[in-house]
Structure formats: C-alpha cells, structure tokens
Amino acid sequence: MKNIDRRRRAVCMGMLGGLAGLTMGDAARARPTIDDAARVFRLDGGAVTYAFGVNPDGRLQTIYWGSALAPDDPLPAPAPVPENSSNETSITVTPFEYPGFGAGLTVEPALKVTFPDGVRDLDLRYVGHRIDGERLIVTLKDVSRAVHVTLAYAMDAASGILSRSAVVENRTNGWIQVDQMAAASINLPYDDDYRLSYLTGRWAGEFALQTRPVGPGATVIESRKGVTSHQANPWIALSRAMTEEESGPVWFGALGWSGAWRIGVDMDSLGGVRVTAGYNPFDFAYRLKPGERLASPLFHAGYSGDGFGGASRLFHRYQRTRILPALRPRPVLYNSWEATEFAVDEAGQMALAEKAASLGIERFVVDDGWFGARNNSKAGLGDWVVNTKKFPNGLTPLIKRVNDLGMEFGLWVEPEMVNPDSDLYRAHPDWVIHFPGRTRSEARDQLVLNLARKDVYDHLLTVLDRLLGANNIAFLKWDHNRAWSEPGWPQVPPAEQQRLYVTYVDNLYKLLGELRRRHPKVEIESCASGGGRVDLGIMALTDQVWVSDNTDPYDRLLIQDGFSRAYAPAIMMAWVTDSPNWVNKRATSLEYRFVSSMQGALGIGANLNHWNARDFTEAKRLIAEYKRIRVTVQQGDLYRLISPQGGSARSATLSVAQDGNQAVLFAFLHSGGMRDPAPPIRLRGLDPRKMYGLRTIAGGVAPRTPKRASGAYWMGQGIQPNLAGDFQAAAIVLEVA
Ligand code: GLA
C-alpha cells in the first residue's frame, strides 16, 4: 500500500517537471493559469490551488487540490496511474476530472449515457478550452460519437472556493439518454486517513453531524425525495485524522440542487478517494433529442488548512458574497404558527401584531390558514385566495395595521402543493405528479403539483404575482411539506417522463427568479417542514431558511452547530417559542430560549397572549440588545469554541465582526454537576492589541472578570461565564473601547 501510495502521489503531485510558459492571470480575479504546451490548468484563489491537465490519452486528470502552491511550482501534464493488475486497470484507478461510463471504467462515473443502438460506452477526451469571463471552460467529446461535454470551473479569488458544473450536448442524429450525470468528480490528494463528515436527520431533527472513516468502498448520501430532504443534506467535508476544529486540512463541498441528489465518496482499489456529486441516478433518465443539452447543478468545493472552523468560516463568507441574492441584516420577525396554528383571523392577528410591535419586532408573519377552506391540513391548499370568514375585508386592514405599527408584513405559502379537497384540485386533478390508474399517495393530506408542467408554472406565477401585486407583502415563507411519490408525468411520452426530476426544479428556480424580478423588495424564506430544503441552489434565490420545526432551545444548539458546519448564520432563522416546548415538552427559561435563538437570525414564535409583563420587559430588552449585535452574529466569523456535539454539558460559540471591533460570546450549560470544573472559555479571532470592553446581555460572568482588557487577554486568559444549574445561558459582548 505504501509503495503504491508514494508512486501515485508522485504522479498526482507532478514531481517531474515545471509549469513552463505560463500565462499568469490576475490573481485578484482568480483567472486560471494555463500552460498551453503541457495542457495543464491551474486555479489559484485564497490559500488554495487546484490543478488538472490532459493526460497523454487525452483524458482530463486531476493533478492537485489543496493549500496554495508557489506560482512556479512544477505541475507537469498528468500521467495515468499505471495498471496494478488486470483487475485494477489504469482507467479505473486514475483520478479523472469527469469520467464517462465507458472504456472499462468501474468506479463512479460522472456521466453515463445510452445510445439508441444499445451502446452504453462513453469515453470523453479533451477537445479544447477557453476563458469565459472568470470561468475556465474545457470541452470534451466522446472518442467517436458526437456527445459533447462542457465543463466550467470558476474559483472565488477571496476564498479559493471552486464552483464546477457540466453541460452535455447531443450532437448525434438520434436521441441519447442521460442515465447519470454529476456536476463534477473531485479527487482528493492520496492519503490513507480520511474522515468523512456529513449531515443527516429527520423532521424536527435536522443537521445531525455524522463522521466516519473513509475506507475501501463507498459512502453515498442522497435524497430520492424530489426535494433536498431532512434525511441528508448535500454537504460533505473530508478531513484527516490530525484535523481539529481550528487546525488541519479540510476539503469540503456542497451541491446547489433542491431536487433529488446524490454525493458519493468512494475509495478505489488503490486508495484513491473521489467525490462525485450531482443528480441522483436513482430512477433518473433524461432523454436528449438531437441538439438538446442537459446542464448539471453547481458543485462548490473548498479547502482550508485551518480545521473545521476555518472551513466553515470560508464557506460562510463565500455564501454571503457569492451565493445569497442580497445581504441585509435579517429583520427580527414574529410568526404566529405555534401560537395559533390554523386558527388565524383578523382580530386575533391584529392583537398579536400589537403585542409584537411593543417588543420591537420588525416583521410580522401570518402563517398557514389564511386562505381557501384551510382550517386544518385537510383542505384548501392550492386555493391562494383570502378566506373571507377569517379576513372579511381581505388582508388589507391587517397589513395596514401591521405597517402602521412600524412592521413589515409577511405571509406563508406552499405553492407547490394541493389538497385533494380544494377548488384547484377539483378543477385540475391531472396537475399533480402521479401515475395514471395508480394510487396518489398523500402525505399531510396533500399531493405535489407537477411544476414541470408549463400550465402549472404559469398558474403559480399568475397567482403569486397577483397576491404580491395586490398586497403590501414584504416577505413570503415558502413551504414544501412532503416528499414526492409516484413520480409520473403522464402528459408527456414515457421516454420523457423522468425529465420531471430536473424540469420541476428548474421551473421552481425560474418561478422564484421571476417573482424576485417582478417584486424585488419581497424577501423569501425557504422552508420544507423545517430544514428540508436548505442547499446552495435554493439559497441563491431566497433570503433566509427555516432550519427546523424543532424550536426546543437545547435541541437547537445541536441543530445549529450542525447547520453551521455547512451554512451561514446569516440565513439561519431561530425562534423563541413557548415553554414547555410543544415537541419535546422540555421547560426552559425565557432567557435561555433567547440566547439559543440569538445564535442565528432571531424570531419570536411564542403565544404572546400567554406572556406576562415581566416576559414582555425581558423580551423587549433582549430584542433591543440583539439588534446591536446581529450584524456580528449573522455576518461575522463564527468560532465553535466548545461544540455541543457528543452531548457535552457545556457549549459556546463566538462571533467576531468583520472589522474585529465587536465579538459576541454565547455560552450554554446543559446541566451542572456539583463542583464540576468549568475552565475559562478562551476566545479566538480578536485583535490581540485592541482593548475590548465587556458587557453582559444575559447570564453573568465570574466575579473578578475585568470590565476591559486586550484581545490578547480574552484569548489567553479567557472568560468564565457564571453558569450553574440546568439549561443556563450567557450572552457576552466585547466591544473595542
Ligand atoms: C410546516 C412548517 C411550519 C408551519 C407549518 C404550517 O410544518 O415547517 O413552520 O409553517 O408547515 O402548516
């Protein structure tokens, strides 16, 4: 194993020559560096280098991905890994950039097609390359048939995060069927101690962090559900045994796709580890007529030498600057769902709005139940007209009252769904995803509209456009409460029906994009029974995400820690709700609930009719405090100082403002034992020379804690929060003073 490793590393790392005759690009724009003679491509950004080239067989092969190399380091054209035996032929152990299923490939292909004559062999060879703005475009073609593949590479200059995607085009005279298609294959440097981290879950238990060693064989994380899913999230990180929270290498990536997806991490028989991410090949088929194309989603991949914390800070920054449509501090919202469920009406909502406004809430959101015959989950979904029994004069009086109280108005919708008991379904029973003559399986009494159909798309655009045009709505909470079933599309020929998996999501993105274009001031939250649709695809078209229906503040610490591995606090909604919690019945103080929710974008989801005067006073104070720290919390650098993973009794996070002038420490105690040692929490990321004053928002600090000290002091000596008992929390602000 060791010899093989050394040989392969030498081949992969290019020890044999120099990258001569470079056309060095402008580093600030991360322009690729291309060695035309050697046919080697190199992307540099942040502290990262990614390099690949054309091997002597004309196949595209990875050379390097990791910490930045020096500009003139040797990167010769790659050579295929020599055959180990007739059982490990070269083709199947060489790290390719985008291998077709063909020529004997038995590891995971990036692309697999079927031709009308039954041939299922695809051998992609380099044809050419060009620079298109900030992207490097490389074209490949099958050895003999006119199947063309265009690969796009773009590296973010600041973070070194690479985005990759592919387009396959049928230039043959007949159809070809795409059976499997990835955005990218990405090869890790050869090493034998990788660990894979990923996020799994279920309803009310999203973003659970999993870690396992990478060994021979494959790990597949996926959604077959037509939506991103709670069950697994399309993010992975690969680390080495030495990697810790703030040190050591981490390679990470996330797929920007809100439909059925798969990420495979597999180790070939000689120890090469590759990541293949794209459409889920399960039940997948996309037939291309002559001249047609299919584009993959984007896969975003990064590297950090600064541990898991460094990796997530890099990725958060990338999301803030490259993915999110706009970056504005999240307004503090109130949502009445947990207070009223479906029992919404004008008087009740107005009363809640008045109470919410008195707290300093900035956005008031009416959840489910305002439309059609919607009194429970059984009816009305699909009928996006105001229920006049509940709102006799439409939404206008409520919206006006909310606006007069100084708040924006937001509304819940679930556009992709329909109850069979609805006017929409009675008029268009064929609009749902189904197979003719087969049961249409319901979940939460609802069916999924086939958004791949143009008439469904047009209808939803018209209805939502009208809703937003007629009312002063600043915000939509866009829900999606069930997985697909019986994924048929009977209106199109059988050979085209499985296009559903792609066309549905394409149309969802188109719909969101068009609504944003027509109503640029409206913000949108992605919700799918909590965090079932959080991914970089939907994030590019929405402003925030609902992370989980589980609003228990302790459970949330774990969910939020898992979420933060992949996604930015800038979009992470977190509500303060009632105690005991409706899901798990845990009782916690209002202060603890606030501090837990302050880790993200704060919302209130409690029944304000049950609050007493003291609750109002405390909540008002904490909301005012939150507004002073929210930019740091949402858009600062996050340090997971003590992770709650693994059931740790204590946990703590620190957010440091981009200018380094403010830092916010949140510390939690699950349950204190008698005289348990509680070492001070040592901060990170401060400017050691600046003087920071300390202010406590919630909880307290040990008696002799100084009121003012240098960044060096807070990082070296630390802070000791005064936490004793069960479910205790402290929120401490440090400001340059
Ligand atoms: C889903 C959401 C909840 C709420 C309900 C309304 O479960 O996750 O927040 O909006 O739908 O029916």
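The values are calculated or read from the model by the stated rules, or taken from the named source; none is laboratory data. Just so it is clear, the model here is predicted, and its values are computed rather than measured. Glycine gets a Cβ as well: all are built from the backbone with ideal geometry, and neighbour counts include every protein chain shown.
Taking region 477-504, which residues are within 16 Å of the ligand (Cβ to nearest atom) and part of a loop (DSSP other than H, G, I, E, B)? Matches in region 477-504: D479, H480, N481, R482, A483.
Can you confirm whether L449 is within 26 Å of V547 (Cα to Cα) and either away from the ligand (no atom under 16 Å from the Cβ) or touching a Ser or Thr at 6+ places or on another chain (Cβ under 7 Å) (or both)? Criteria met by L449. Looking at this structure, is A574 assigned to a loop (DSSP other than H, G, I, E, B), at negative phi and within 16 Å of the ligand (Cβ to nearest atom)? Taking the combined requirement at face value, the residue does not satisfy it.
Residue-by-condition table, conditions (1) of a type in the set (S, T, Y); (2) within 18 Å of V273 (Cβ to Cβ); (3) under 35 Å from the mean Cα position of the chain (by Cα):
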position: Y50; (1), (2), (3): yes, yes, yes
position: Y64; (1), (2), (3): yes, yes, yes
position: S67; (1), (2), (3): yes, yes, yes
position: P74; (1), (2), (3): no, no, no
position: S85; (1), (2), (3): yes, no, no
position: S90; (1), (2), (3): yes, yes, no
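For region 603-650, residues that are in contact with a Leu (Cβ under 8 Å, 6 or more places away or on another chain) and among the acidic types (D, E) total 2.
Could you please find all residues in region 505-530 being out of contact with any strand residue (DSSP E or B) (no Cβ under 7 Å at 6 or more places or on another chain) and within 15 Å of the ligand (Cβ to nearest atom)? Steps first, please.
Within region 505-530, the subset out of contact with any strand residue (DSSP E or B) (no Cβ under 7 Å at 6 or more places or on another chain) is 505-511, 513-521, 528-529.
Residues satisfying the conditions are A528, S529.
Residues in region 326-340: is at least one surrounded by fewer than 17 Cβ atoms within 10 Å (Cβ to Cβ), among the charged types (D, E, K, R) and under 23 Å from A474 (Cα atoms)? Within region 326-340, one or more residues are surrounded by fewer than 17 Cβ atoms within 10 Å (Cβ to Cβ), among the charged types (D, E, K, R) and under 23 Å from A474 (Cα atoms). Set side by side, the residues A70, A110, A51 differ, and just one is touching a residue at least 40 places away in the same chain (Cβ under 8 Å) and either within 30 Å of D156 (Cβ to Cβ) or in the same structural domain as G264 (by TED's automatic domain parsing) (or both), which is A110. Only one of the listed residues (L151, L188) is out of contact with any Asp or Glu (no Cβ under 8 Å at 6 or more places or on another chain) and in contact (Cβ under 8 Å) with a residue 60 or more places away in the chain. That residue is L188.
Name the residues in region 349-365 that are within 16 Å of the ligand (Cβ to nearest atom) and either surrounded by fewer than 20 Cβ atoms within 10 Å (Cβ to Cβ) or under 22 Å from Q634 (Cα atoms) (or both), would you? Spell out the reasoning first.
Filtering region 349-365 for residues within 16 Å of the ligand (Cβ to nearest atom) gives 349, 352, 363-365.
Within region 349-365, R363, F364, V365 qualify.
The set of residues in region 540-563 being buried (at least 24 other Cβ atoms within 10 Å of the Cβ), closer than 21 Å to R262 by Cα and away from the ligand (no atom under 16 Å from the Cβ) consists of G562 alone.
Put simply, of T211, T276 the only residue that is under 21 Å from G537 (Cα atoms), of a type in the set (S, T, Y) and within 22 Å of the chain's Cα centre (by Cα) is T276.
The number of residues in region 137-174 that are touching a Ser or Thr at 6+ places or on another chain (Cβ under 9 Å), hydrophobic (A, V, I, L, M, F, W, C) and more than 19 Å from A103 (Cα to Cα) comes to 9. Taking the criterion of being in contact (Cβ under 8 Å) with a residue 40 or more places away in the chain and among the β-branched types (V, I, T), the residues of region 335-394 that qualify are T340, V344, I361, V365, V366.
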